[in-house]
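This report concerns only the one structure given below.
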Amino acid sequence: MHLFPDTTARNAQGHLILGGCDTVELAHEYGTPLYVYDKTTLINAVRAYQTALQTHYPGASTVAYAAKAYLCTALAHLWAELGLGLDVVGPGEFEMALRGGMPPERIHLHGNNKPPLLLRRTVAAGIGRIVIDGWHDFERLEALQPPSPIKVWLRLSPGIDVHTHEYRKTGLIDSKFGFPIATGDAEKAVRRALKSPAVELVGLHAHIGSQIFETEPFVACVETLFDFAVRVRDRWGWQPSEVSPGGGWGVAYTPVQEAAPVEPYVAALCKAVVAACRRHNFPLPHLVLEPGRSLVARAGVALYTVGGRKEIPGIRSYLFLDGGLADNPRPALYGAQYTAICANRESVVCDLVTLCGPFCESGDVLARDLLMPPLTVGDLVAVPVSGAYHLSMASTYNGFGRPAVVMVENGKAWPIQQRETVEMLMARDVSNSGVE
């Protein structure tokens, strides 16, 4: 059960309980597919990061949530209350952050191709930092002619490989992200920033990937950033007052994977920063960590209803659920693996099944060859570790609306995102056929 939220239990009827709420009752009230976020687990995850930073880093520090993992107005409000910063990429993320009460000065704008309108909007709102990811960012910011310089970080590509899926590697030289250090572009970008009247360079940033379980690549990233900072200081007299080695700490998704506590990761990063500053005679910078998945993944559970099954004797038993590829594209995109349990009853009898959804793709498979109780039509299936990248990457494929989302705490549940209806989908369409 280490994959489920901190408040997970079973009641006398064998029903799965999250945040003191019966998931069977939740499914009856809100329908399925349904995503349930446990507020206690979210808070505990934040506190783990904040405590680790306070314990292991003697300088100023901030935990900035990477909104790409999942964001809604309610979550932005919670993060603002807990003192987090927020990383955004798109206009919707930025507006959700503001609507949720996140102070704009605690928001960072990322992205390798920021739209000019988004830059104008965020600058006008007083955004805290803009992360320059390419030469065009300079050009677009300078075109705004801001009344005072905009505080920026430079995103660097440190050339560090990591053990994760190819699509989750972001720190290689051959990457769309950042200025490569090895090619000399990173130094040229520093020079450009120092000369630009539109920006004030205050920090360096890197992000090497996600679902990483070894601390060594993060330590190497920190060392690479500070080695670069030494060259820049010696050449131009500039040094970073803020440093962010990104995020990317992994989480367990299946029972064979052990839980991955964040303290060893944070401790290793902090130790590396302190050691680099002492070695190179730098003052301790403001250290910004940018976790996403590791704050929300385990807090979220997806609930599905069984609609039928298909038996292929000697080959496979398919169990049909009312969700899949459209609300969780990760298995199709990354080959991500999941487990599941029956939420409405317990059983010691096992049945080997493959969970799939209703969508018109053979890749619409949530999990293969799971041992579960024999399930029939109407049974409720719970998939843990569903809090990150499901809803933020969800689509309306085949004309299905995106799921409803509820938050639970101390026996109470409340909706934080409504189910997308057919009427909502149709609202985007223009009825004019174009024919006079």
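Here are the numbers for this structure:
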read-out	value
Residue 214 being outside any helix (DSSP H, G or I) and of a type in the set (D, E, K, R)	yes
From 88, 46, residue being closer than 25 Å to residue 203 by Cβ, crowded, with 23+ Cβ neighbours inside 10 Å and either among the β-branched types (Val, Ile, Thr) or touching a Cys at 6+ places or on another chain (Cβ under 8 Å) (or both)	88
Some residue of segment 274-284 being within 19 Å of the chain's Cα centre (by Cα) and aromatic (Phe, Trp, Tyr)	no
All positions within segment 28-61 that are within 19 Å of residue 8 (Cα to Cα) and assigned to a strand (DSSP E or B)	34, 35, 36, 37, 38
Helices (runs of 4 or more DSSP H) enclosed by segment 70-144 - at least 2 residues per element that are of a type in the set (Lys, Arg)	116-125
Test: residue in segment 2-11 that is surrounded by fewer than 21 Cβ atoms within 10 Å (Cβ to Cβ), modelled with pLDDT under 95 and assigned to a loop (DSSP other than H, G, I, E, B)	yes
Yes/no for residue 120 being free of Cβ contacts under 8 Å to residues at least 40 places away in the same chain and basic (Lys, Arg)	yes
Check on residue 389, under 28 Å from residue 67 (Cα atoms), of a type in the set (Phe, Trp, Tyr) and either crowded, with 22+ Cβ neighbours inside 10 Å or at pLDDT below 95 (or both)	yes
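Each row is one residue, and each column tells you yes or no for (1) part of a loop (DSSP other than H, G, I, E, B); (2) modelled with pLDDT of 95 or more; (3) within 30 Å of residue 259 (Cα to Cα).
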site	(1), (2), (3)
378	yes, yes, no
402	yes, yes, yes
415	no, yes, yes
431	yes, no, no
434	yes, no, no
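The values are calculated or read from the model by the stated rules, or taken from the named source; none is laboratory data. Remember, it's a predicted structure, so these values are computed and weren't measured experimentally. Using ideal geometry, Cβ is built from the backbone for each residue, glycine included, and neighbour counts are taken over all protein chains shown.
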